[in-house]
């Protein structure tokens with residue numbers, strides 16, 4: 001089967017998070033199973049930075065990546081590339097199925113319209129972008145009414161990574177005919193050998209202080225203002241506690257830094273910028289608790305990474321990963337009191353916290369290996385590709 005994966009940004013970009021990981025892992029395993037996989041993406045390093053590369057890169061594992069040279073207007077969703085049109089004209093009809101990652105962006109719009117005209121089945125995975133939330137909500141609703149609902153309606157399948165996201169997609173899509181829940185996987189083998197304890201702490205002067213960690217994009221949706229206020233309350237009972245905020249700025253760093261100062265947290269909060277590879281794992285290993293206080297997470301990959309590193313997690317009920325956590329580790333979004341209480345409990349009840357971590361690890365190993373996830377996605381592809389030659393599929 002010839003598969004086209006479409007994503008706004010891909011390697012070497014390191015800050016795009018879940019969609020990039022998903023494309024990498026799924027496409028790798030599809031290629032290993034003998035399928036021809038092409039990844040269509042843009043040459044983005046960040047919403048405002050591009051890198052220079054040959055357009056077509058052949059990877060040793062059999063995959064091909066086509067980097068479209070693009071012009072960015074400040075966000076991933078508004079990045080444009082005219083090179084997509086000759087690519088689709090020359091090669092678009094050669095694919096049996098197309099997997100579009102994202103929703104309100106130039107690539108998703110252009111490729112979905114081409115697929116519809118040429119009767120090529122496509123699968124869409126929004127990665128949490130389908131519900132109109134936070135920024136430019138009115139513009140998102142206008143887009144949905146003009147063309148977005150049509151993109152959703154004409155997809156052969158829409159993949160949601162959690163039951164919560166499936167409910168959100170069903171509400172947005174209205175006349176949904178097929179929503180499939182397939183969680184993101186996690187490469188459990190990568191957590192078998194972890195960095196030694198103390199590396200992250202020594203690098204940032206955190207010593208033996210009780211340490212809470214957040215790792216991810218610094219964006220409004222992450223609820224870091226709520227986390228800071230809960231942390232301020234926590235310091236009344238654990239005054240030597242520290243909070244490390246790890247990740248790239250995605251538009252909210254300055255506001256969060258100002259808020260930390262206004263709350264009098266001073267040196268108790270450390271901003272490290274993004275960490276990758278072993279440095280990222282070292283942060284998870286050294287943390288006493290990982291906190292995910294997001295308004296919404298279609299999955300919440302970082303919380304599961306923390307668990308695989310042996311770190312207990314507290315996450316909002318609006319995060320997809322809460323389906324894999326004990327109910328005692330979930331709190332309502334925006335509930336500062338509940339978040340502070342859960343953080344304090346996990347910091348002071350180490351035996352209970354360790355038991356919950358082992359319980360979650362077993363569930364992750366059983367249900368979230370990338371091999372099993374990739375097999376489920378392939379089954380969706382096969383079902384979608386059958387519709388290409390079916391009269392019923394050519395509406």
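The values are calculated or read from the model by the stated rules, or taken from the named source; none is laboratory data. Note that the coordinates shown come from a computational prediction; the quantities given were computed from them, not determined experimentally. Don't worry about glycine lacking a Cβ; one is built from the backbone with ideal geometry, like all the others, and counts go over all protein chains shown.
Here are some notes:
- Flag for residue 227 being assigned to a loop (DSSP other than H, G, I, E, B) and over 23 Å from residue 26 (Cα atoms): no
- Residue pairs meeting the criteria (Cβ under 7 Å; at least 6 apart or on separate chains; first under 24 Å from residue 26 (Cβ atoms), in the range 52-78; second part of a loop (DSSP other than H, G, I, E, B) and modelled with pLDDT under 70): 67/53; 76/47
- The single condition among (1) touching a residue at least 40 places away in the same chain (Cβ under 8 Å); (2) under 22 Å from the mean Cα position of the chain (by Cα); (3) outside the structural domain of residue 29 (by TED's automatic domain parsing) that residue 353 does not satisfy is (2).
- Residue 344 being touching a residue at least 12 places away in the same chain (Cβ under 8 Å), in contact with a helix residue (DSSP H, G or I) (Cβ under 8 Å, 6 or more places away or on another chain) and farther than 24 Å from residue 240 by Cβ: no
- Elements of type helices (runs of 4 or more DSSP H) in the range 245-310, at least 2 residues being under 19 Å from residue 184 (Cβ atoms): 277-286, 301-308
- Condition check for residue 38: modelled with pLDDT of 90 or more and under 26 Å from residue 183 (Cβ atoms): yes
- Some residue of the range 373-387 being over 25 Å from residue 185 (Cβ atoms) and out of contact with any strand residue (DSSP E or B) (no Cβ under 8 Å at 6 or more places or on another chain): yes
- Qualifying position, being crowded, with 18+ Cβ neighbours inside 10 Å, in contact (Cβ under 8 Å) with a residue 60 or more places away in the chain, in contact with a strand residue (DSSP E or B) (Cβ under 7 Å, 6 or more places away or on another chain) and under 24 Å from residue 294 (Cα atoms), among 260, 230, 241: 241
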